[in-house]
Amino acid sequence: MRVLVRHGHFAFFPKTAKEVAKFASYFDQDLVRVDDYYTFESLAELPRYSIMIKPFGNLPAITTYEGRGPWEVMRENDFVYNVGLKLLVPKLAVVGMVTLLRSDAYMICPTPLYQPGMRDASGRQILSYDGEYMPENFQLKIREVSYE
Amino acid sequence: MSKALPASCAAGVVLTGGIPVPSAEILSSGVGPSSGVLILDEDEAFYIPDTTPDLDTTLAQIITALTQVSQALAQTVLALNVLDNKPLGALPPVPAVTANSTAITAAAAAVTAATAQLTVLKAILK
């Protein structure tokens, strides 16, 4: 299942419905279909705009912005989705570091999901990535990462 | 792609969902209170008021003024006809000026009042 994280927003592109069910069961989080992708419940409800101080998800927005999707609004507000808390958090509130292991065309993530905002070996926050979740071994293979 | 939200504006402050949007550019005079639409486009925000009430009031005042002008002109014609029809003879003619000029003066006053109301409206355009 493809995992596309854009500015801290998760989008999943399963090949089969079974992948969605297994993922939801493993992470104890339901996935909701939005357009051509699945995402976490609280992300599915986000609008593609924010008004400064008006709640955007669970946080007051820090800027007024309209984007092509909620991920662009999250970028402008410096928010990322916290998988553990199931909430939006300021990106600077995410601490921790994960070392991605290079393997052929992929980078192997030691955890099944990479929490956006975690820092790589260079100390920079990875906020976007494109990868493949392998349900058979609960492994995440990341093709590329971005720091914005 | 942009997003339109219902909004209002009072004293130059744009509100949407009760939340002020100070970054919104008001595309009108923005003096009088109004309701309208907030357009968001990336980091830009524009407020467009519904100016139909302004237009409605303006047209109503203009119609009132024109009606009064029309009535005044009709009264003037009537007065001129009265002068033409004055009886000749030894007896003094019946006074006709007051009756006609009162109606003409009243119409002129109504036109002046409509002008004043339009001047006020101009100062508080939405």
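The values are calculated or read from the model by the stated rules, or taken from the named source; none is laboratory data. Being a predicted model, the structure only gives us computed values, none of them experimental. A quick note on method: Cβ atoms are made from the backbone with ideal geometry, for glycine too, and the neighbour counts reach across all protein chains shown.
Of the residues making up the range A:52-63, one or more are out of contact with any helix residue (DSSP H, G or I) (no Cβ under 7 Å at 6 or more places or on another chain), facing another protein chain (nearest Cβ under 9 Å), within 19 Å of B:Gly18 (Cα to Cα) and not hydrophobic (A, V, I, L, M, F, W, C). Would you mind finding the one in A:Ser122, A:Ser128, A:Ser103, A:Ser42 that is touching a Ser or Thr at 6+ places or on another chain (Cβ under 6 Å) and away from every other protein chain (no Cβ under 14 Å)? After applying the criteria, what remains is A:Ser128.
What's the total number of residues in the range B:51-83 that are β-branched (Val, Ile, Thr) and touching a residue at least 24 places away in the same chain (Cβ under 8 Å)? So the count comes out to 7. Looking across B:Thr58, B:Thr51, B:Thr16, B:Thr76, one residue alone is at pLDDT below 90, surrounded by 15 or more Cβ atoms within 10 Å (Cβ to Cβ) and more than 21 Å from the chain's Cα centre (by Cα). It is B:Thr76. Scanning the range B:38-58 for residues that are closer than 25 Å to B:Val120 by Cα and within 14 Å of chain A (Cβ to nearest Cβ) gives a single hit, B:Tyr47.
When the range A:15-63 is limited to residues that are in a strand (DSSP E or B) and touching a residue at least 24 places away in the same chain (Cβ under 8 Å), the one that is surrounded by the most Cβ atoms within 10 Å (Cβ to Cβ) turns out to be A:Ser50.
Give the residue that is farthest from A:Met52 (Cα to Cα), with candidates limited to residues of the range B:1-17 that are part of a loop (DSSP other than H, G, I, E, B) and facing another protein chain (nearest Cβ under 9 Å).
Just the residues of the range B:1-17 that are part of a loop (DSSP other than H, G, I, E, B), to begin with: B:1-2, B:11-12, B:17.
If we keep only those that are facing another protein chain (nearest Cβ under 9 Å) too, we end up with B:1-2, B:17.
On the way: B:Met1: 20, B:Ser2: 17, B:Gly17: 12 Å.
Among them, the one singled out is B:Met1.
Only residues that are in a helix (DSSP H, G or I) and either in contact (Cβ under 8 Å) with a residue 60 or more places away in the chain or surrounded by fewer than 12 Cβ atoms within 10 Å (Cβ to Cβ) (or both) were counted in the range B:84-104, giving 4.
Select from the range B:24-34 the residues that are at pLDDT below 95 and not aliphatic (A, V, I, L, M) and list them in ascending order. Matches in the range B:24-34: B:Ser28, B:Ser29, B:Gly30, B:Gly32, B:Pro33, B:Ser34.
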